[in-house]
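J.: Take this structure first; my questions come after.
The values are calculated or read from the model by the stated rules, or taken from the named source; none is laboratory data. Everything numeric here is computed off the predicted structure, so don't read it as measured data. Neighbour counts are summed over all protein chains in view; Cβ atoms, including those assigned to glycine, are modelled from backbone coordinates with ideal geometry. With ligands, DNA and RNA removed, areas are computed over all heavy atoms of the protein, side chains included. Shrake-Rupley method; radii C 1.70, N 1.55, O 1.52, S 1.80 Å.
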Amino acid sequence: MFAAGTGPSQGALIKSLSFVKKVKMGKRMEKALKEKAAASSTSQDAADDESKTPEPYSCTGMFEQDFTELCRRSGLQQGEIPPVVIRPKRPPTPPPPDPKAQTQVSAEDGEEEQKEPEEPKPTTYTTKDKFQYFKPTVQVEMENEDKPATVTEIYIRGWKVDDTMMGVLKQCLPTIEKLHTLYFWNTGLTEKTIAELASFLPQCSNLKNLTLDGNPVLEENFALLIGDDSLLANVSFRNNHITDKGAEMIGKALSTAKSCNKNLISLNLSYNKITDIGATHIANGLRMNRVVLSLSLASNQISDTGAKKLGEVLSRFPLTHEETVERRKLIREKGSPDRKSPSPPSRGRAESKDRPGSKGSGTVLDKTDKKRDKSSKKKQDAKKEKEEDKTVKGGAKKDDKWKKVSVVAEMQGTKTAKGKKTVGGKDKKGALLPESETPDVVEAINPLMDSVENIDGQLWIPGNRALINLNLSRNQISEGGFKALLLGVQYQMTLNSLQPNPALKGLMRISLNKNAISPSNDAVSKLQELMTTRDPFYKPPSQSPDGDSQSHGGQ
C-alpha cells in the first residue's frame with residue numbers, strides 16, 4: 001500500500017510530531033501549575049491580611065487630622081469624608097471713606113476726565129460651585145487658626161450623624177483639651193446615637209455647652225445627656241418634639257429626693273410639645289435643685305395647671321413622704337459622729353458646772369475627753385456638729401443657715417464661709433490665677449436640711465430661689481396661672497426681706513408674652529410692675545433737687 005522507501009521516514013515524522021506535542025503540553029501544564037500556585041499564594045496573603053487586625057489609631061488632639069484618619073479607617077471613601085473648615089464669621093464693618101484720600105483734579109489735568117474708582121468686590125459672602133454649599137462639612141472655631149490643637153467649638157448642621165460617624169466622634173472629641181461647645185442641628189440623631197453621645201461626653205473635661213436642636217427622637221432619651229455624671233452647664237433641646245414622656249425623664253434628671261444635677265445652669269426646652277403634665281414633672285425636678293439659673297419652656301402647650309405648679313415651687317411646698325424619709329436620714333447621719341454610745345447622757349447634766357454628772361455619765365465623759373484630747377480638730381468639729389443639730393431642730397439661724405456657698409454665690413462674687421472672695425479667679429493681690437488655681441465650686445446645702453414649718457401635719461420648706469430667669473412665652477396660660485406666679489414672686493420678695501441670702505436672690509426675670517390673657521389684665525400689670533424693679537438692668541429715673549426727673553440712661 002505504501003511506496004517503497006517512504007514508510008519508515010513517515011513513521012519517524014509522526015513520532016517526532018507526537019514528541020513535540022508532548023513537550024508543549026508539558027510546558028503548558030507547568031505554566032498552569034505555576035499560575036495556580038501564584039494565585040493561591042496571593043489569595044492566602046490576602047486572607048492573612050484580612051485576618052490581621054489593623055493597629056489601633058491613637059488620637060493626637062488635632063481634630064482635623066484625627067477626624068479624617070478615623071473616617072478613612074471606618075471605611076468611608078475620600079469623597080465621603082466631610083471636610084473640616086473654619087466657621088465663617090460676619091466680616092467687620094468697613095471704616096468710613098477718608099475725604100483726604102480722595103484724588104483732586106489739578107489745574108493742569110482739569111480738562112481730563114477723572115476715572116471713577118473701581119468698586120471693590122463684596123466681602124460679606126462667598127460664592128461656591130453648584131451644590132458645594134450643601135455638602136456636609138464640620139465647622140470649627142479655634143483660639144489660634146495656626147495651631148490645629150486649639151479647637152474650641154464644633155458645629156455640625158444639616159447632615160445625618162449615623163452610628164459610624166458617632167463612633168468617630170467618640171474617639172477624637174475626648175482628646176481635644178480646649179473644646180467647650182458642641183452643636184448638632186438637624187443631624188438625624190437616634191436613640192442609639194444619643195446614648196453613645198451621652199457615654200463619652202463626661203470624658204470631655206472642658207465641654208460646657210451642648211446644643212441638640214431639631215433632632216426629634218421617638219424614645220426621647222435626651223435626659224441621658226444631663227445625668228448625675230454630666231459636666232454640661234448650658235444645654236438646649238429646642239424643637240425636638242419632646243412630649244410629657246421626655247419631660248418626665250428630664251425632670252428626674254434635674255433632681256429627685258436622693259440625687260441632683262450639680263452642674264447644669266441653663267436649660268432650653270422651647271418649641272416642643274410639653275403640656276401641663278410635663279410642666280409638673282419639670283417643676284418637680286426644681287424642688288431639690290438649687291443650681292439651675294435659667295429655664296425656658298417657651299412655645300409649648302402649658303396652661304394654668306402647669307403654671308400653678310411652677311408658682312408653687314417658687315414659693316413654698318410640702319415635703320412628700322419620700323422627701324420626709326430622706327430628710328430624717330440626713331439628720332440622723334449628721335448627728336451620728338457624736339453618738340458613739342447607744343444611750344448617751346444628757347447634755348445639760350454632763351456639761352453643767354453646778355451639778356456634776358453621775359458615775360456612769362462620768363465614765364463616758366472620760367472616754368470622750370481622752371479621744372478629744374488627741375486632736376483639737378476633732379473637738380472643733382464636734383462643736384460645729386452640735387451647732388448644726390441645734391439649727392436643724394430649732395430653725396435656721398441667720399448667720400449659720402448657709403455653711404456652704406452655692407454656684408450662684410460664686411458667680412455673684414459673694415464670700416465663702418472662710419471669708420475669701422471667689423469671683424473672677426483672683427488672688428489677694430488682684431492678679432489673675434490660672435485655671436487650675438481658681439477656687440473650686442462649693443456645693444449648696446441640701447434643701448431638705450433647710451428650716452421647715454409644720455402646717456396641718458405636713459413639713460413645708462421654702463421654694464426654689466436659685467432660678468433667676470423663667471421663660472413661659474407663647475403658651476396657653478390665663479389669669480389663674482398668672483396669679484399663681486405672682487404669689488410665688490411676692491413670697492420670694494417677702495422671704496428675702498426676712499431672711500436675706502446673697503446666694504438666693506429669687507426670680508429676677510420672667511417672660512410671659514403671647515399667652516391666653518389680655519395684656520391689660522390686672523394680674524399681668526401687677527406682675528410686670530413687680531418684675532420691673534427686680535430686673536438687675538433696671539435703672540429708675542433720678543430726680544433733680546427741683547423735683548424734675550432726669551434720665552441718665554444715655555450717659
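J.: When you look at GLU69, is it open to solvent by 80 Å² or more (accessible area, probe 1.4 Å), out of contact with any helix residue (DSSP H, G or I) (no Cβ under 6 Å at 6 or more places or on another chain) and either in a loop (DSSP other than H, G, I, E, B) or modelled with pLDDT of 70 or more (or both), yes or no?
T.: Taking the combined requirement at face value, the residue does not satisfy it.
J.: Return yes or no: is LYS483 over 30 Å from LYS273 (Cβ atoms), open to solvent by 50 Å² or more (accessible area, probe 1.4 Å), touching a helix residue (DSSP H, G or I) at 6+ places or on another chain (Cβ under 7 Å) and in contact (Cβ under 8 Å) with a residue 40 or more places away in the chain?
T.: no
J.: Ok, one more. Kindly list the number of the only condition in (1) open to solvent by 60 Å² or more (accessible area, probe 1.4 Å); (2) over 22 Å from HIS241 (Cα atoms); (3) not in a loop (DSSP other than H, G, I, E, B) that fails for LYS192.
T.: Condition (2) is where LYS192 drops out.
J.: If only one of SER259, SER199 is free of Cβ contacts under 8 Å to residues at least 40 places away in the same chain and within 30 Å of ARG327 (Cα to Cα), which one is it?
T.: Working: SER199 fails: within 30 Å of ARG327 (Cα to Cα).
Just a single option satisfies the conditions, and that option is SER259.
J.: Could you tell me whether LEU448 is over 26 Å from VAL325 (Cα atoms), modelled with pLDDT of 55 or more and open to solvent by less than 40 Å² (accessible area, probe 1.4 Å)?
T.: Criteria not met by LEU448.
J.: Taking the conditions exactly as written (touching a residue at least 60 places away in the same chain (Cβ under 8 Å) and over 25 Å from PRO318 (Cα atoms)), does SER270 satisfy them or not?
T.: Answer is yes for this residue.
J.: If you check LEU218, LEU197, which single one turns out to be surrounded by 17 or more Cβ atoms within 10 Å (Cβ to Cβ), in contact with a helix residue (DSSP H, G or I) (Cβ under 9 Å, 6 or more places away or on another chain) and more than 15 Å from VAL84 (Cβ to Cβ)? Before you say what the answer is, go through the steps one by one.
T.: Values: LEU218 fails: surrounded by 17 or more Cβ atoms within 10 Å (Cβ to Cβ).
Testing whether each residue is surrounded by 17 or more Cβ atoms within 10 Å (Cβ to Cβ), in contact with a helix residue (DSSP H, G or I) (Cβ under 9 Å, 6 or more places away or on another chain) and more than 15 Å from VAL84 (Cβ to Cβ) leaves just LEU197.
One line per residue, one yes/no per condition, for (1) open to solvent by 100 Å² or more (accessible area, probe 1.4 Å); (2) modelled with pLDDT under 85; (3) farther than 23 Å from SER205 by Cα:
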residue	(1), (2), (3)
GLY61	no, no, no
GLN65	no, no, no
PRO95	yes, yes, yes
ALA101	no, yes, yes
GLY110	no, yes, yes
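J.: Evaluate region 228-243: report whether one residue or more is open to solvent by 30 Å² or more (accessible area, probe 1.4 Å), closer than 30 Å to ARG327 by Cα, more than 10 Å from the chain's Cα centre (by Cα) and among the charged types (D, E, K, R).
T.: yes
J.: So which of LYS273, LYS252, LYS258 ends up being in a helix (DSSP H, G or I), on the phi < 0 side of the Ramachandran plot and open to solvent by 30 Å² or more (accessible area, probe 1.4 Å)?
T.: LYS252
J.: Inside region 306-324, can you point out the residues that are in a helix (DSSP H, G or I) and either buried (at least 21 other Cβ atoms within 10 Å of the Cβ) or touching a residue at least 40 places away in the same chain (Cβ under 8 Å) (or both)?
T.: Passing the criteria: GLY306, ALA307, LYS308, LYS309, LEU310, GLY311, GLU312, VAL313, LEU314, GLU322, GLU323, THR324.
J.: Any residue in region 508-516 that is out of contact with any strand residue (DSSP E or B) (no Cβ under 8 Å at 6 or more places or on another chain), of a type outside the set (Lys, Arg) and in contact (Cβ under 8 Å) with a residue 60 or more places away in the chain?
T.: Yes, region 508-516 has at least one match.
J.: Exactly one of these conditions fails for GLU177: (1) touching a Ser or Thr at 6+ places or on another chain (Cβ under 9 Å); (2) within 23 Å of GLY75 (Cα to Cα); (3) surrounded by fewer than 17 Cβ atoms within 10 Å (Cβ to Cβ). Give me its number.
T.: (2)
J.: Scan region 459-469 and give yes if some residue there is within 28 Å of the chain's Cα centre (by Cα) and surrounded by fewer than 18 Cβ atoms within 10 Å (Cβ to Cβ), otherwise no. Outline the logic, then answer.
T.: Residues of region 459-469 that are within 28 Å of the chain's Cα centre (by Cα), as a first pass: 462-469.
With the extra rule that they be surrounded by fewer than 18 Cβ atoms within 10 Å (Cβ to Cβ), the set shrinks to 469.
Within region 459-469 (the criterion being within 28 Å of the chain's Cα centre (by Cα) and surrounded by fewer than 18 Cβ atoms within 10 Å (Cβ to Cβ)), the answer is yes, since at least one residue qualifies.
J.: How many residues, within region 276-305, are in a loop (DSSP other than H, G, I, E, B) and more than 15 Å from ILE250 (Cβ to Cβ)?
T.: Step one: list which residues in region 276-305 are in a loop (DSSP other than H, G, I, E, B), which gives 286-293, 297-303.
From what's left, more than 15 Å from ILE250 (Cβ to Cβ): 290, 293, 298-299, 301, 303.
Going through region 276-305 one residue at a time, the tally reaches 6.
J.: If I filter region 431-439 for residues that are surrounded by 13 or more Cβ atoms within 10 Å (Cβ to Cβ), at negative phi and at pLDDT below 90, do I get at least one hit?
T.: yes
J.: If I ask for residues that are surrounded by fewer than 18 Cβ atoms within 10 Å (Cβ to Cβ) and within 22 Å of ALA466 (Cβ to Cβ), which ones from region 294-305 would you list?
T.: Result: SER294, single match.
J.: In this structure, does LYS170 turn out to be surrounded by fewer than 19 Cβ atoms within 10 Å (Cβ to Cβ), basic (Lys, Arg) and closer than 22 Å to LEU297 by Cβ?
T.: Answer is no for this residue.
J.: When THR211 is evaluated against the numbered criteria (1) touching a helix residue (DSSP H, G or I) at 6+ places or on another chain (Cβ under 6 Å); (2) part of a strand (DSSP E or B), which criterion, by number, is the only one it fails?
T.: THR211 satisfies all of (1) touching a helix residue (DSSP H, G or I) at 6+ places or on another chain (Cβ under 6 Å); (2) part of a strand (DSSP E or B) except (1).
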